[in-house]
Structure formats: structure tokens, C-alpha cells
Amino acid sequence: MIIALVLAGELIATQPGIYVYDADADWQDGLVGYEVRSSVNSVYDAVLLDNGDRVPVSELFIYVDEHYHESYGEIAHLPGMVHTDIRFYAEQAARALAVRGFTAVRTGGTAELAEVLADTGSATGTGVLNLSYALPSEVYTGDPGDPVLEWVHAGGTLYWTGYEVGGWYRDGGSLHRAENGQELFLGSACVNTGGVSAATGMIPAGGLTEALHLYNADVLFGLDVSGLDDCLALGFTEAGYASIALVGAGDGAVAVIAGTPDFRRTDDLAQVIAGGLTPSTVLIDTEHVDFRGTATGSFDIRDASAPLLYIYVGGYYLTYGEAFRG
Amino acid sequence: MAEPRPSGGGPLRRAVDAVLGVRHPLLLIAVIGLIVRLAVMPLIGAYDSDYWAVIVRNLQAGEGLYGLEGYYYTPVWGYILGALSLIQTSLLGIGELGTLVLEALQLPAFSDSMSSDGTAQLLAAFFPMTAMATDLAFNFSLNIMLFAFDIAAAYLVYRLLAEITGDRRKATAGFALVLLCPLIILTSSVDGMFDTVCVVMMLLGIMLLRRGDTFLAGAMISLAVLTKFFPLFICPLLIAYIISRYRGTGEVVKHVLLASAGFALVALVLLLPQILEGDVTVCFRFLTDRISSVDKISLMQIGGVVRILVYAALVPLSLAFSYLIARRGSAEADSLLLKGCLMIFVAMMLFPSPARYLVFTVPFLVFFLAAGDRRLRTGWILISAGAVLFVVAGCTALLTNMAVHAGMPPLEAMMAAAGSMYAGGLGAIPFFTVYVSAAAVQYLGLLAVLRAEWGDTLRHRLSTIARRRTG
């Protein structure tokens with residue numbers, strides 16, 4: 001009986017088709033209707049967002065720093081530094097995004113990163129995710145005219161997680177400090193570099209934190225956005241720092257997803273990207289419904305200038321997601 | 001047949017009458033065990049149940065056990081959760097696996113190693129918490145499945161005692177001492193952990209080996225090892241047992257090969273998905289860590305090294321027992337095998353371990369205690385008392401799930417109690433006092449077993465050495 005139980009579990013774990021989810025949306029004048037399907041009991045969230053004049057990211061490049069381990073020892077002594085397997089977490093980010101229907105993801109090293117950032121004409125709608133503490137000198141040297149900054153100002157979205165934004169660049173084998181890196185990317189020095197980690201409060205963000213079921217209560221290397229304009233802070237907070245912040249920079253944005261590397265941070269990162277969040281995002285409406293089989297609903301979109309409908313299943317334990325643009 | 005008792009009084013009285021009306025001793029003990037577990041079930045801790053929900057989530061998302069992060073063990077427990085999850089969603093109608101408890105974020109036990117508050121760091125290390133409260137039906141269905149494994153573990157000890165001693169009364173006592181052992185109850189019903197599942201597989205392996213079904217025995221031991229690696233250390237004993245039992249029959253090699261084939265086949269079937277994906281190492285992620293604070297040599301890192309040294313020291317102990325088993329006749333082999341298992345697991349736990357790991361010692365300890373070795377009584381009592389103290393230490397936080405989903409106790413009251421128990425600085429003293437006492441009591445329990453088993457021998461050796469020196 002034990003063997004049967006284990007083998008049944010193995011089949012369930014490895015065979016597709018047991019848990020099946022799907023969603024559709026139908027945009028009409030002043031209304032968006034949707035349909036969600038699940039083969040098992042679950043709960044769905046339909047979240048209607050408005051991004052105003054900003055374009056959400058629709059494709060993502062994940063930068064895997066080839067020299068991450070080589071120079072880590074030089075900054076390991078700094079508060080809050082955590083040595084991690086960035087290849088693993090790059091793969092985790094891609095998987096978490098795929099579960100949410102965001103599959104336009106590719107990974108690469110320095111050469112590919114430089115190529116992506118050189119194409120400022122395609123920056124709008126493109127995201128770059130950096131999981132390392134440094135950028136290569138090919139794209140960043142602490143100078144305002146660096147390719148990465150030009151790319152962001154041209155409309156790209158830079159997602160930064162795990163370390164101080166703009167703090168370091170690597171030239172060949174040596175690591176260099178960019179003294180004004182935070183100002184270059186964010187407009188002011190507002191990164192939590194003191195090692196504060198656990199958050200005790202929630203940032204409602206007009207209902208976005210709850211609507212997206214964010215749950216990574218960790219502000220390590222997060223931002224204090226109190227002095228910043230054109231930004232969206234959400235998630236959780238401690239000592240003024242936010243677990244998630246999206247800061248407008250020119251036509252683009254810098255999004256900082258704080259916290260130590262684990263699946264909670266990956267989940268929140270994936271919600272931000274797959275949910276199409278920008279610094280201008282506001283929550284228009286949301287539904288949270290238990291269901292099995294097929295469920296339908298609709299939202300009034302007359303007040304939204306750039307509506308985006310994000311449907312996901314499972315609540316905090318998300319099993320499926322899909323974003324639909326109006 | 002028993003006379004039906006006159007029914008009267010309230011529902012409690014009728015329930016007591018119903019229990020007392022059960023005549024078969026095993027059934028009576030099982031009913032008592034069930035009642036105790038139902039009573040403590042609401043205490044199921046949020047920390048591990050959150051992880052189980054994450055694993056179920058990953059399976060339901062089509063990511064298998066090792067696609068999305070969250071499962072750090074070899075596959076067996078994940079597969080069991082997979083089978084259970086289908087029942088939970090299809091039959092029990094569980095939709096949302098859990099929710100975030102904002103109030104719980106206030107508790108300093110959420111602080112991690114990054115915290116500047118040393119007490120908070122210690123709390124996080126000793127009593128990690130999550131702000132997620134899993135669904136009660138999810139928790140209780142898990143509890144009930146684990147209860148079945150508790151019963152199975154107790155019954156297997158019963159059968160071993162009945163077969164080896166031939167004394168049903170001793171066997172029944174063994175059944176009770178396992179099923180009603182607070183540590184077993186704590187592990188399955190409060191921790192929601194699967195150590196008893198592994199123990200059942202290991203005991204089944206031993207039972208099958210005794211019956212001469214070496215292929216299935218190997219298969220079952222493989223299941224046990226792929227559930228939790230501890231039983232790996234008793235494998236040499238099992239091979240020695242085969243040698244002892246089949247020596248002179250010319251079948252030693254055949255049975256060793258059969259057991260090995262059973263072991264290998266199950267391992268192959270269970271690891272096949274990862275073999276096909278070309279990366280079996282993901283199943284052994286618990287041996288490595290994907291993150292580390294390399295700038296600090298932490299207590300945890302030092303502990304990890306010491307743990308490896310302690311486990312390495314178990315190899316000669318395991319080989320020594322194997323030598324004894326293989327040398328002695330099959331009449332003594334049963335007792336030596338079980339004694340070897342007991343001492344290996346006791347020695348393994350000498351490196352301070354989570355309370356639930358001690359579950360591996362309980363069936364063997366109970367076997368010899370119920371068989372008549374009263375010197376082991378102190379060990380059983382202390383290990384059990386320590387388990388009760390662990391529940392007391394964690395009682396307030398353990399009620400998170402009930403407070404959130406059932407409103408009992410009120411969440412505010414629970415958080416206030418938890419705050420006073422786990423608050424940083426002096427406020428943490430009640431928690432640490434009880435928690436450290438619990439660990440110390442259990443450790444004394446292990447030492448009591450060691451003293452009972454090896455104390456006389458050691459004393460004798462020492463006095464012999466002393467006599468030689470003076471003489």
C-alpha cells in the first residue's frame with residue numbers, strides 16, 4: 001500500500017494533464033469579460049490594472065554574471081551580502097514567470113547583455129533582470145552616459161534584486177565601486193545597505209499588495225522611496241524601506257525587488273513582471289473567487305486609459321497566471 | 001461479547017463509555033491515540049505546513065518536485081504529498097492552501113540572520129516561523145494520514161515483539177509505548193513532519209528481512225533511505241543479518257543480491273524522472289546550500305561540520321555491530337540487529353538534532369523496554385517529557401492556523417501571548433527557558449539509553465584498567 005501511495009504520487013508529480021488551468025479575456029467597449037478554468041478546486045484572482053502612459057514589459061532578458069563568484073569575496077564583508085547560485089535563481093525566475101504565462105524570457109552573459117542594452121530603439125517593453133551585485137564595464141562604469149542608463153532612459157525596465165543598485169561594476173577581473181551609482185539609477189541614495197531585512201508592516205499601495213498576493217516580507221537592499229517622485233512602492237516595509245519599488249527614470253524604470261534569495265522573492269518578482277507593473281500602475285478593480293470548473297466575470301474599464309487584466313489561480317500558492325492587455 | 005453499557009449522561013460521558021467499551025487492547029490503545037491526536041491536532045505548526053503547501057503548489061503548477069524551489073529532500077515524501085494533494089483538491093474541495101497573517105510579521109522570530117538583534121537571530125535559528133497560515137482542512141488531512149503511519153509504526157513494533165518474544169502482553173505494551181509516546185504525537189500531529197513515515201518503511205524492511213523476503217526488504221529500505229537518509233547507516237547491519245541468517249545454506253550471495261536488486265529497482269523507479277531530465281543531483285539538494293553568507297562563519301556552519309563528523313563516526317559503529325551480527329548465530333541476530341539500530345540512532349542524535357529526529361530511536365527503544373529491559377524506562381520518559389516541553393515552548397505560535405482560520409483563540413490574543421513569549425531581549429527568556437529545558441531533557445534521555453546499554457561495560461572496563469594499573 002505504501003509503494004502504491006508513493007507511485008501514485010510519482011505519477012501525479014510527473015504526468016501533465018492532472019492539474020489544468022486556463023483563462024481568456026474578451027475586450028469590448030467599456031468592458032472586459034473573462035473566463036477562468038481549473039480542473040480542480042481552486043481560487044482565482046482577476047486584477048484589473050491601469051498603467052497610464054507607461055508600457056509594461058513584454059519580454060525579459062536575465063543577465064547571468066559569469067564572474068559572480070570570482071569577485072564576490074571582495075564585497076562579502078558588507079552588511080546583508082548573501083552569496084548565491086545566480087544560475088539557479090535565474091532559472092527559478094524564468095520558471096516562475098512561465099507559470100504566470102510570461103514566456104518571452106532569455107538568459108545570457110555579458111556579451112548578450114551589451115547587445116540588448118545597445119538596442120535603445122527596442123527598450124520600451126523590454127526588461128533586464130540583474131541578479132548580481134555588479135554590472136560589467138561594457139555597460140556600466142558609474143558614468144551618466146553608460147549604455148545601461150541610456151537604455152533605461154530610452155524606455156527599458158531594469159529589474160534589480162539582491163544587492164545595491166548601481167553599487168559596483170567589473171572591469172576585466174577587478175571590481176570597482178561606483179560612488180554615485182544609486183543617484184545615477186534612482187535619483188538619490190536611498191538603498192537599504194544597512195542589512196535591515198525582516199519587514200513588519202505592509203504597504204497597501206492602493207490595494208495592489210493584497211490584490212497581487214505579495215508575501216515576501218523582506219527589505220534587504222530595498223528602497224526608501226519617500227524622497228522620490230514618479231515611483232510605486234508596494235509589498236512590505238521596515239525602517240522606511242520597501243520590499244518592492246518601481247522608480248521612473250526617463251521613459252523607463254528601475255524596479256528593485258528586495259530580499260534574500262528564496263522562492264518568496266522569486267514569486268514576488270514574477271508577480272511584478274508578469275502582472276505588468278510599472279511606476280504608474282494603479283489598481284482599478286479586483287475579484288477573489290473560489291471555483292472549480294469554469295468561472296466568468298467582467299470589469300468596467302471605462303476609467304482606465306491603458307488597462308491590463310491579470311488573472312491568476314491559487315492565491316498565495318499560485319499555480320497559474322496570465323496577463324491580458326486591452 | 002461485552003455487555004453494552006447503559007447509555008446516559010452527556011455526549012462526553014457517552015464518548016468515554018464508547019472508548020471504555022472497546023475490548024481489544026490494541027483497538028483501545030488506537031482509539032486513545034486517535035483522541036489524543038485529535039486533541040492536539042489544532043496545534044499543527046505553521047512553519048512546515050507552509051512548506052508542504054508550497055510543494056503541493058509546485059506540483060499543481062506542473063513544476064514537479066524540483067522545478068520551482070521549495071522541495072529540498074529526496075523524492076518520496078514529495079510523492080506522498082502529491083498523492084494526498086489530489087485527494088485534498090478533488091474530494092475535500094480545498095481551493096486556497098493558505099493565507100498571509102500580517103499580524104504575525106510583528107513577531108521578532110521572523111527576523112533572520114541579518115537581524116542586528118542577537119535574540120531575534122537566535123529565535124529565528126531555533127524557532128523559525130512563517131507568516132503563512134495554511135488551510136485547516138489541508139493541515140488536518142495531512143495529520144490524519146500521518147496518524148495512519150503512527151499506527152503502522154506501533155503495529156510493526158507489536159509484531160516484532162510478538163514474533164521475537166512470543167509474548168502478546170509485551171507486544172501490546174510496545175504498541176502502546178510507541179503510539180502514545182509524546183514524541184511520536186508531537187512529530188506527526190504538531191510538527192506535521194514525516195519522520196514516522198520513514199520509520200514505518202524501515203521497520204517494514206526489517207520485518208520483511210526477518211521473513212526471508214529479501215527483495216521486498218531491500219525495496220522498502222530503499223524507500224526509507226529515499227525518504228530520509230538516516231536508515232542508510234543501518235544498511236551494513238541488514239547485510240550482516242542476511243549473512244548471519246543464511247550462513248551455511250549457500251544462499252548468502254543470492255539474498256544479498258536480491259536485497260540489493262530490490263533497493264536498486266526502487267531507487268531507479270523513484271529517481272527516474274530526474275534521471276530522464278539528466279540531473280539526479282537536485283534530489284540531494286539538502287546536502288548543499290544555494291545561498292550562504294560567506295563573510296561570516298556562523299554557528300550553523302560550524303554545526304554543519306560537526307554534524308558531518310558525528311555521522312562519519314557512525315560508520316565504524318555500524319560496521320562493528322555488523323561484524324557482531326554476522327559472527328553470531330541467527331538466534332542472536334534479531335536482538336543484535338535491533339540493538340544495533342537503537343545504538344546507531346542514539347549515537348546519531350548525540351549531535352543535537354531537532355526533536356523529531358529522535359523518532360528514529362523510539363521503536364527500537366520501545367522494543368527492548370517492552371521486552372523487559374527496565375533500564376531503558378528513564379530514556380523513554382525523558383525523551384517523551386522533552387517532547388511535551390517542546391510543545392509548551394511553541395504553543396502560542398503553534399496556534400496560528402487555528403486563530404486565523406477558526407478564530408480560536410482570537411488572533412489578537414494569540415499574538416499578544418506569542419509576543420510575550422518570543423519578544424526580543426528579556427521577553428524571550430520564557431521561550432528559551434522552556435525550549436532549552438526541552439532539548440536538555442531529551443538529551444538526558446539519550447544519555448540515559450547510552451548509560452543503560454553501555455554504562456556497565458564501560459564501568460567494568462574502567463575498573464579492569466584501574467586494577468591492572470594498581471596491581
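Residues in segment A:30-43 that are in contact with a Lys or Arg (Cβ under 9 Å, 6 or more places away or on another chain) and loosely packed, with under 15 Cβ neighbours inside 10 Å: A:Gly30, A:Leu31. Scanning segment A:270-294 for residues that are in a strand (DSSP E or B), touching an Asp or Glu at 6+ places or on another chain (Cβ under 7 Å) and under 19 Å from A:Ala242 (Cβ atoms) returns a single hit, A:Val282.
Could you please give the count of residues in segment A:295-316 that are more than 25 Å from A:Gly252 (Cβ to Cβ) and either assigned to a strand (DSSP E or B) or within 14 Å of chain B (Cβ to nearest Cβ) (or both)?
So the answer is 12.
With respect to the numbered conditions (1) at positive phi; (2) buried (at least 16 other Cβ atoms within 10 Å of the Cβ), which one is the sole condition not fulfilled by A:Gly17? A:Gly17 satisfies all of (1) at positive phi; (2) buried (at least 16 other Cβ atoms within 10 Å of the Cβ) except (2). If you filter segment B:203-224 down to residues that are in contact (Cβ under 8 Å) with a residue 60 or more places away in the chain and touching a helix residue (DSSP H, G or I) at 6+ places or on another chain (Cβ under 6 Å), you find that the one that is farthest from B:Pro363 (Cα to Cα) is B:Leu223.
Exactly one residue out of A:Val36, A:Val55 is within 14 Å of chain B (Cβ to nearest Cβ), over 30 Å from B:Leu265 (Cβ atoms) and of a type outside the set (Gly, Ala, Ser): that is A:Val36. I'd like to know if segment A:243-253 contains one or more residues that are of a type in the set (Val, Ile, Thr), in contact with a Leu (Cβ under 8 Å, 6 or more places away or on another chain) and in contact (Cβ under 8 Å) with a residue 60 or more places away in the chain. Looking for residues that are of a type in the set (Val, Ile, Thr), in contact with a Leu (Cβ under 8 Å, 6 or more places away or on another chain) and in contact (Cβ under 8 Å) with a residue 60 or more places away in the chain, one finds at least one in segment A:243-253, hence yes. Only one entry in B:Gly33, B:Gly70, B:Gly45 is of a type outside the set (A, V, I, L, M, F, W, C) and either facing chain A (nearest Cβ under 7 Å) or touching a strand residue (DSSP E or B) at 6+ places or on another chain (Cβ under 6 Å) (or both), namely B:Gly70. Filter segment A:92-106 for residues that are of a type outside the set (S, T, N, Q) and free of Cβ contacts under 8 Å to residues at least 12 places away in the same chain; which is farthest from the other protein chains (Cβ to nearest Cβ)? Taking the candidates together, the pick is A:Ala98.
Residues of segment A:264-312 that are out of contact with any helix residue (DSSP H, G or I) (no Cβ under 9 Å at 6 or more places or on another chain) and among the aliphatic types (A, V, I, L, M): A:Val272, A:Ile284, A:Val289, A:Ala295, A:Ile301, A:Ala304, A:Ala306, A:Leu308, A:Leu309, A:Ile311. Taking (1) crowded, with 21+ Cβ neighbours inside 10 Å; (2) small (Gly, Ala, Ser); (3) out of contact with any Pro (no Cβ under 9 Å at 6 or more places or on another chain); (4) over 28 Å from B:Gly98 (Cα atoms) in turn, A:Ala253 satisfies each apart from (3).
Filtering segment B:213-229 down to residues that are part of a helix (DSSP H, G or I) and surrounded by fewer than 23 Cβ atoms within 10 Å (Cβ to Cβ), which residue is nearest to the other protein chains (Cβ to nearest Cβ)? Out of the qualifying residues, it is B:Leu216.
For the structure I just gave you, tell me whether B:Ile243 is surrounded by fewer than 23 Cβ atoms within 10 Å (Cβ to Cβ) and assigned to a helix (DSSP H, G or I). Here the answer is yes, as B:Ile243 does meet what is asked.
Flag: B:Ala171 does not match the condition of being within 14 Å of another protein chain (Cβ to nearest Cβ), at pLDDT 90 or above and in a helix (DSSP H, G or I). When the criteria are applied in full, B:Thr196 meets the requirement of being in contact (Cβ under 8 Å) with a residue 24 or more places away in the chain and under 21 Å from B:Pro231 (Cβ atoms). Among the residues of segment A:158-172, is any at pLDDT below 95, surrounded by fewer than 23 Cβ atoms within 10 Å (Cβ to Cβ) and hydroxyl-bearing (Ser, Thr, Tyr)? No, every residue in segment A:158-172 fails to be at pLDDT below 95, surrounded by fewer than 23 Cβ atoms within 10 Å (Cβ to Cβ) and hydroxyl-bearing (Ser, Thr, Tyr). Of B:Ile184, B:Ile206, all but one fail to be buried (at least 24 other Cβ atoms within 10 Å of the Cβ), under 30 Å from B:Asp50 (Cα atoms) and of a type outside the set (D, E, K, R); the exception is B:Ile184. Among the candidates A:Thr260, A:Thr266, A:Thr237, A:Thr319, single out the residue that is without any contact (Cβ under 8 Å) to a residue 60 or more places away in the chain, within 14 Å of chain B (Cβ to nearest Cβ) and among the β-branched types (Val, Ile, Thr). None of the other options fit; the residue is A:Thr237.
Can you pull out every residue in segment A:141-157 that is surrounded by fewer than 24 Cβ atoms within 10 Å (Cβ to Cβ) and not hydrophobic (A, V, I, L, M, F, W, C)? The answer is A:Thr141, A:Gly142, A:Asp143, A:Pro144, A:Gly145, A:Asp146, A:Pro147, A:Glu150, A:His153, A:Gly155. The set of residues from segment A:59-89 being more than 10 Å from chain B (Cβ to nearest Cβ), closer than 20 Å to A:His176 by Cβ and among the aromatic types (Phe, Trp, Tyr) comprises A:Tyr63, A:Tyr68.
The values are calculated or read from the model by the stated rules, or taken from the named source; none is laboratory data. Please read these numbers as outputs of a predicted model, since none were measured by experiment. Because the Cβ atoms are built from the backbone with ideal geometry, glycine has one as well, and the counts that use them run over all protein chains shown.
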